[in-house]
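The values are calculated or read from the model by the stated rules, or taken from the named source; none is laboratory data. If you're wondering where the values come from, they're calculated on a predicted model, not measured in any experiment. Quick reminder, even Gly has a Cβ in these numbers, built from the backbone with ideal geometry, and neighbours come from all protein chains shown.
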């Protein structure tokens, strides 16, 4: 299932989308954790701005008092980027225009929160390990471990030049990892037992640093036979293009977390008979991670229908622009009824109709243990379709006839010249009541496939542009590749996990 772009999600958040498209976004958000993360970020941004707007009004002579107490600053740099000057100007405007209550938030945004201390003294007091090279200090502040997951939290104390570069990146909207910038060398990570023998792990992750903080996450491969005591060796050789060596050898004891980790083997089977099936396989409840393993499967009848619908179009099944996909729409609730937030999933597929997934959930608090409930709400499906249309496009508005391909009908188009190009909008209708999005492409075109929402009444609109003159008739061939479908259960199915 493809996600909506940021502009569409932002427009939905601001309430300016058309009703049909808003409903498509709402359906998508029900089962897409990545897009829900974007919506959470937008909510936090709105709350931040709201707090700024409601800040108390400063005295009329506040700026005079502040400017009177400022001491001259000798700029040691010969030249500053326009972005940095712009940022400085904006900071002054914000400070005087929105009030002093915004100052802590601005400092936090640009990595200068005084509660963390620029000198690093407080960091040294709370850091488990610290290494400094080329004026850059890296502190290991916390280690969270269990047989399921090991996460090491770090905090970087950058130089002034690095802070300025990071500000420039913010203004460029280039929020790359501080450690993992585009051309940087990956940190080396080695997990070993007390005898120095390597302990295999998988799914190594580096979380995006915020305010010069982040974490390194790894998942031991053999959860059932992992030693109680381990050592994690980490070596970082590049931080925001700054070369150096920051090496750590971190002892890890998972004795207590082993005792607190619960693994439940499940054999619950549910779904929509004759169409889609879900089997719960395993639930792991650890102090620092919750992981659910399940398998979703197309029925033999449904898979036969899909294959028949594209008979003779094997290119669709091997095309990189589409996949056969089946994912449950579900939720996991705590004992108090609070929904756990999906963090991410690893997926493997067998023969294109069995999908094994391992879904991890975010924790609000570590060591958050207790009873949990699984609820199946429906299924999200992607499947190939076989429909092609050939249109003769000319300027103006046209009602189309005999443009019917089974479940798909093209009803008309409008075309007009804009900046030397023919802007075309083709309207159509789907007979599939569960369709939410259409994946299509123009044949004989270098443009990648397009993704168009389908409203609850089955209507959709294709947009593209053509080169040529206003009185020229252009022939276009449109190929429908796949659709996304959302099929909800008449009533959710609930299963206890503990």
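Considering 243, 308, which residue is outside any strand (DSSP E or B) and modelled with pLDDT under 95?
Being outside any strand (DSSP E or B) and modelled with pLDDT under 95 holds for just one of 243, 308, which is 308.
Pick from 239, 245, 254: which is surrounded by fewer than 21 Cβ atoms within 10 Å (Cβ to Cβ), more than 30 Å from residue 487 (Cβ to Cβ) and assigned by TED's automatic domain parsing to the domain that holds residue 193?
245
Could you identify the single residue in 444, 455, 448, 471 that is touching a residue at least 12 places away in the same chain (Cβ under 8 Å), surrounded by 13 or more Cβ atoms within 10 Å (Cβ to Cβ) and assigned to a loop (DSSP other than H, G, I, E, B)?
Only one candidate qualifies: 455.
If only one of 301, 282, 273 is surrounded by fewer than 17 Cβ atoms within 10 Å (Cβ to Cβ), assigned by TED's automatic domain parsing to the domain that holds residue 331 and closer than 16 Å to residue 347 by Cα, which one is it? Outline the logic, then answer.
Numbers: 301 fails: closer than 16 Å to residue 347 by Cα; 273 fails: closer than 16 Å to residue 347 by Cα.
When all the criteria are applied, what remains is 282.
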